[in-house]
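Here's the structure we're looking at; comments come further down.
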């Protein structure tokens, strides 16, 4: 009886931790992809020649992260 309750509470806590880690990784994977693409040495990336190119990349990453945070909060995963 008591052992099962203890094991169940440990399992519940483990599931909550795994959900949090999954949400964090889901936020960082697209950001890592965008940073990886812009970290490559391509000769034909027109936005890199523009003065706003760096800020556009940062804005894209911010929009992705904030959008995912809003989505995860609406789903009550955070």
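Read the figures in this text as sums done on the coordinates, not as results from a lab. Predicted model, so just to flag it, every value in this text is computed and none were measured. Here Cβ is always computed from backbone atoms with ideal geometry, including for glycine, and neighbour counts include all displayed protein chains.
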task = Taking the Cβ of each residue in 77, 52 as the centre, tally the other Cβ atoms inside 10 Å and list the residues starting with the fewest.
result = 52, 77
The chain - Rg over Rh from alpha carbon coordinates, Kirkwood radius = 1.27
task = Could you calculate the FRET efficiency of residue 59 with residue 16 from 1/(1 + (r/R0)^6), where r is the beta carbon distance between them and R0 is 30 Å, rounded to 0.05?
result = 0.40
inquiry  = List residues of the range 53-78, by number, whose backbone nitrogen lies under 11 Å from a label position 7 Å along Cα→C-beta of residue 26.
reply    = 68-78
query = Arranged by the count of other C-beta atoms within 10 angstrom, fewest first, what order do 14, 20 take?
reply = 14, 20
